[in-house]
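Take a look at the structure below.
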Amino acid sequence: MKIPDDHPRAKSLLTREKLINSYLEGIVAASGLIAHGRGEAFDYLLGEKTSKPALKAIEAAAAMFLTARKPVISVNGNTAALVGEEVVKLANVTGSKIEVNLFYRSRARELAIKKLLEKAGARDVLGVGKNASARIPELSSERRRVDPRGILVADLVMVPLEDGDRTEALVNIGKKVIAVDLNPLSRTALRASITIVDNIVRSMPKLVETVEELKNRGVGKCREILRNFDNRKNLAKSMILIRENLSEFAAEGDTERGRAM
Ligand code: PTJ
């Protein structure tokens, strides 16, 4: 179906279309469509733009990438479908590895995601087939299967659009975790070292840009940014923003009612 360019929600509808097509191509899991709907609801409450706390988290995430020794970007179906190209760009500018890690793991989906990433320019996609031979302790889901050259030995793992249990397990085994999650209340958001509460479609290009800018300012600057970043405090700011947006919407409604009365 052609989405009219002048539709007020054209952007959002195009993103949905992308996910549906990727679902039909075997990249996105059926649950991934539901997960996106939950994200959309939070995005609405956040005003559908990259907020100040999100920008702060993006800056901290860029600093963490630039001071990491073995960073890995973990890719699931939704991430591949929505920002496959940006994942490859981010890996290139940060020297990160890319690893496929799926909750609903199947050989067909692993291969479809690998193909998509390779088409976007990735050279070595980890975590596919027998390469996901290591296990993360404390995890019983399919997410426990990792690549011994990637997540297993990483000091930093980026986990966009994650479901809570793995973030907790990764933190418990001493890894730093960067999450991207529109829900500031999720277990992933609360347990990650840095949580970017923003739509991945907006935040990934911004993260690439920020890494490129910060690269020229040296490791000292990165360390200073990280020293001054507090994830829980920053998450609280996203929650306050939702509250303020709701108050504003409610106040507008009240005025309308007032005028009508
Ligand atoms: O590809 P697989 O097999 O690994 O499965 C991936 C899904 C997404 C199905 C799986 O990880 C899952 O079930 O995730 P959850 O528990 O639904 O969590 C996904 C989180 O991502 C939710 O908190 C959503 O709010 C958030 N989210 C959804 N879409 C976006 C998002 N955050 C940022 N940008 C989005 N576009």
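For the criterion of being within 22 Å of Ile178 (Cα to Cα) and either more than 8 Å from the ligand (Cβ to nearest atom) or of a type in the set (A, V, I, L, M) (or both), Ile27 fails. The set of residues in the stretch 99-112 being in contact (Cβ under 8 Å) with a residue 40 or more places away in the chain and either aliphatic (A, V, I, L, M) or within 17 Å of Ala68 (Cα to Cα) (or both) consists of Glu99, Leu102, Ala108, Ala112.
Contact map, the stretch 120-143: first residue surrounded by fewer than 12 Cβ atoms within 10 Å (Cβ to Cβ), second residue in a loop (DSSP other than H, G, I, E, B) and not basic (Lys, Arg), Cβ cut-off under 7 Å, separation 6 or more or different chains; pairs are Pro137/Ile173.
Out of Ala189, Ala169, one residue alone is within 15 Å of the ligand (Cβ to nearest atom), assigned to a helix (DSSP H, G or I) and out of contact with any helix residue (DSSP H, G or I) (no Cβ under 7 Å at 6 or more places or on another chain). It is Ala169.
With respect to the conditions (1) among the aliphatic types (A, V, I, L, M); (2) within 28 Å of Arg223 (Cβ to Cβ); (3) in contact with a helix residue (DSSP H, G or I) (Cβ under 6 Å, 6 or more places away or on another chain), Ala81 lacks only one, and its number is (2).
Count of the stretch 45-64 residues, restricted to those that are more than 16 Å from Lys233 (Cβ to Cβ) and out of contact with any strand residue (DSSP E or B) (no Cβ under 8 Å at 6 or more places or on another chain), is 8. Would you confirm whether any residue within the stretch 67-75 is surrounded by 15 or more Cβ atoms within 10 Å (Cβ to Cβ), more than 28 Å from Tyr23 (Cβ to Cβ) and touching a Cys at 6+ places or on another chain (Cβ under 9 Å)? Yes, the stretch 67-75 contains a residue that is surrounded by 15 or more Cβ atoms within 10 Å (Cβ to Cβ), more than 28 Å from Tyr23 (Cβ to Cβ) and touching a Cys at 6+ places or on another chain (Cβ under 9 Å).
A count restricted to the stretch 187-211 and to residues that are free of Cβ contacts under 8 Å to residues at least 40 places away in the same chain and either closer than 20 Å to Val83 by Cα or buried (at least 21 other Cβ atoms within 10 Å of the Cβ) (or both) stands at 4. Might you let me know whether the stretch 208-228 holds any residue that is over 17 Å from Met64 (Cα atoms), of a type outside the set (S, T, N, Q) and within 16 Å of the ligand (Cβ to nearest atom)? The answer is no; no qualifying residue exists. Which of the residues that make up the stretch 30-57 are more than 20 Å from Ser247 (Cα to Cα), away from the ligand (no atom under 11 Å from the Cβ) and crowded, with 16+ Cβ neighbours inside 10 Å? Listed by number, the residues that qualify are Lys56, Ala57.
FYI, it's all coordinate maths here, none of it is from the lab. Remember, predicted model here, so these are calculated numbers, not experimental data. As a convention, Cβ positions derive from the backbone with ideal geometry for all residues, glycine included, and neighbour counts pool all protein chains shown.
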